[in-house]
Each structure stands twice: as C-alpha cells, then as structure tokens.
1. Looking at region 209-219 only, could you name the residues that are modelled with pLDDT of 95 or more and open to solvent by 20 Å² or more (accessible area, probe 1.4 Å)?
2. Any chance you could count how many residues in region 128-159 are under 19 Å from Cys78 (Cα atoms) and away from the ligand (no atom under 16 Å from the Cβ)?
3. Take the residues in region 192-206 that are open to solvent by 20 Å² or more (accessible area, probe 1.4 Å) and touching a residue at least 24 places away in the same chain (Cβ under 8 Å), then tell me which one is nearest to Asp146 (Cα to Cα).
4. Do we find that Ala284 is modelled with pLDDT under 95, under 16 Å from the mean Cα position of the chain (by Cα) and among the small types (Gly, Ala, Ser) in this structure?
5. For residues that are surrounded by 24 or more Cβ atoms within 10 Å (Cβ to Cβ) and basic (Lys, Arg), scanning just region 21-57, find the one that is nearest to the ligand (Cβ to nearest atom).
6. Which of the residues belonging to region 67-78 are more than 14 Å from the ligand (Cβ to nearest atom) and farther than 22 Å from Ala130 by Cα?
7. Please enumerate the residues belonging to region 79-116 that are within 16 Å of the ligand (Cβ to nearest atom), free of Cβ contacts under 8 Å to residues at least 60 places away in the same chain and surrounded by 14 or more Cβ atoms within 10 Å (Cβ to Cβ).
8. If a residue must be among the hydrophobic types (A, V, I, L, M, F, W, C), crowded, with 24+ Cβ neighbours inside 10 Å and in a helix (DSSP H, G or I), how many such residues does region 150-169 contain?
Amino acid sequence: MILTVTLNLALDVTYQVPRVDWDGVNRVGGVHRRAGGKGVNVARVLAALGQEVIVMGLAGGPTGRAIEADLRAAGLECALCGIAGDSRTTLAVSETAGPRTALFNEPGPEVTPAELADFIRRYTALAAIADAVVIAGSLPRGVPIDAYATLTAIAAERDVPAIVDADGEPLRHAPKGRPAVVKPNAAELARAVPGGTLADGARALRERGAESVVVSMGSDGLLAVTGEGTFRARMPYTVAGNPTGAGDSLVAGLALGLVRPEPWPDRLRRAAALGAAAVAAPVAGEFDQDVYTAVHPLIVIT
Ligand SMILES: O=P(O)(O)OC[C@@]1(O)O[C@H](CO)[C@@H](O)[C@@H]1O
C-alpha cells in the first residue's frame, strides 16, 4: 500500500475556455470539479495502475465534505482528518485554443496545533504499514514549515521510504527528514537552492539528507541525482495539452518504481512517460493511456 499525504486538500475546479478575455465575460465551455491537491492526483494515477493506495489529508467544512464525497465516489480509500476550517478550492483556467493554463490556488484553511497533532497520530499508524509514503503539495496555514521533515522522519524511523514533492520553505526543510526521493521541478529547485546548475542544487539537497533528488524539467525530461549515479531522461517529443498534474503523475511513477523496486533507469522511464501522458489528459490526476504506451519505449535514459 502506498500512503499519499495532502495536507492542503483542494476541490480542483477546471474551466476550459477557447481563449481568456481579461477585459470581458468568459463563457466557460467545459467545467470539471473534483477532489485534488497533489497527493490526491498521485493516488488517482497509482490506483489506475492497479496499486493499492490510501489518501490522507486534512479536510473541513462544506468544501472538505465535497472533497471526501468525490474521493469515495472515485473508489479511493481515504483516511481524512477533520478540521474546523473550510478546505480550499483551486481554479485552473485552461485555454483550449492556446493551449495555456493558469492556476489560481487558494492558500487553504487555518489548521490548529491540536488538529495537526491528531493528523500526525493517525499518519504514524498508517505510515507504519505502508510500503511507501508520498507527501505532496503546499501547506495550509498554521502548519509549521518543517512539517514535511517531521512526516518523512516518522516514515524513515519505520524504514518506510518517502517521496516529497514540495516548493519553497517546505522543500528546503524536507531533506532533514531523510526522504528517499525529493521531486522538485526546475523552478522550485532553483528557488530552494539559488545559484549553480540544477545538478548542483540536487547535490545540495542530497547533502542535506535526501537520498535521491529527481528534477522534472517539462519537455526536457528528468534529471536524477541518486546514490547510484546521475541519470538523464530525455523525451522523444513534446506532448501538447494541460500540464497541471503532470508532476503528480510523474511522482506516481517514481513511487511505483520505489516499491517494486525497479532499477533507476526503468523508474525514470516510467515516471517521465506518465508525466507526458498526464499532459495529454484534460484534468489533473488522469493520464492518457495511448500516449503513455507510445512515449514510454522512446524515452532515452543516459
Ligand atoms: O497549491 P498546491 O498544493 O501547491 O497545488 C495544488 C494543485 O494546484 O496541484 C495540483 C497539480 O499538481 C492540482 O490538482 C492542485 O490543486
């Protein structure tokens, strides 16, 4: 079982419009509303690949109830911890003629120390029986910036590998918890470790405690700095579409490779192919099976 943790769960709303008119009224063509947050998307992809998952997170208020109902409707097993605050909504506006996508992510509810302590107690019990833990996304207000280091350390103490996908301060602190993999994108890594190349940044996160660092670079593929060496995954071509959730699909591939376990080149090929296949799907948390099958054998690992 892979446990995915999304402290800042969201109701993801996606609007599809031909082109955004910033000065006028936009008539929305397609609307999708579903439970989201990065760990939820990871869980959806893992479940689609036949992997047993449990979704953990903090949820509250009417939006939290909608998130939980959608997770259950999708058949995803979840262990959500209730909070008094109302969970957030995120809005992705996707231009079908572009294609361009803009995200509007609310900061999320205020979480009290008692609510977080309750979460950590339940997380500790579930992490102990997981084959791997995926911790992803932003932190809601009130949660300490080193929360991901705390959660990964709890997993590491139980010999359970953790993958962390974070940005900003949570990313900077995450390596202290000895995660098996940290997965920033290129911009997130550059913010967390300014100056130098991406490989320098990845090495710096390893020196701070991360076992491996996988940097996603969009259509430029992946860079992985691991204990077994440095690898590059190169994409055969650029897939057009909505990149929202591509990183989550990629993380799902890394998590599967971790629990099986697969050699790094196989893991990276699968992860990169799943990332590309997610771009071809209209909403985060889905991937296009045909694109996955087509791209997978063409990815070059060096
Ligand atoms: O605000 P965060 O937690 O950083 O990101 C949230 C989010 O934009 O990330 C996913 C795409 O990766 C969306 O489905 C989701 O709602």
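1. Residues of region 209-219 that are modelled with pLDDT of 95 or more, as a first pass: 209-217.
Listed by number, the residues that qualify are Gly209, Glu211, Met217.
2. So the count comes out to 7.
3. Ranking the qualifying residues of region 192-206, first place goes to Arg206.
4. Working: modelled with pLDDT under 95: yes; under 16 Å from the mean Cα position of the chain (by Cα): yes; among the small types (Gly, Ala, Ser): yes.
In short, yes.
5. Applying the filter and picking the extreme gives Lys38.
6. Ala69, Ala73
7. Selection gives Ile83, Gly85, Asp86, Pro109, Glu110.
8. Kept after step one, since they are among the hydrophobic types (A, V, I, L, M, F, W, C), are these residues of region 150-169: 151, 153-156, 160, 162-164, 166.
From what's left, crowded, with 24+ Cβ neighbours inside 10 Å: 151, 155, 162-164, 166.
If we keep only those that are in a helix (DSSP H, G or I) as well, we get 151, 155.
Residues flagged as among the hydrophobic types (A, V, I, L, M, F, W, C), crowded, with 24+ Cβ neighbours inside 10 Å and in a helix (DSSP H, G or I) within region 150-169 amount to 2.
The values are calculated or read from the model by the stated rules, or taken from the named source; none is laboratory data. Please read these numbers as outputs of a predicted model, since none were measured by experiment. For neighbour counting, all protein chains shown are included, and Cβ atoms are generated from backbone atoms with ideal geometry for every residue, glycine included. Each accessible area value is taken on the protein alone, full model and side chains, heavy atoms only, with ligands, DNA and RNA left out. Shrake-Rupley method; radii C 1.70, N 1.55, O 1.52, S 1.80 Å.
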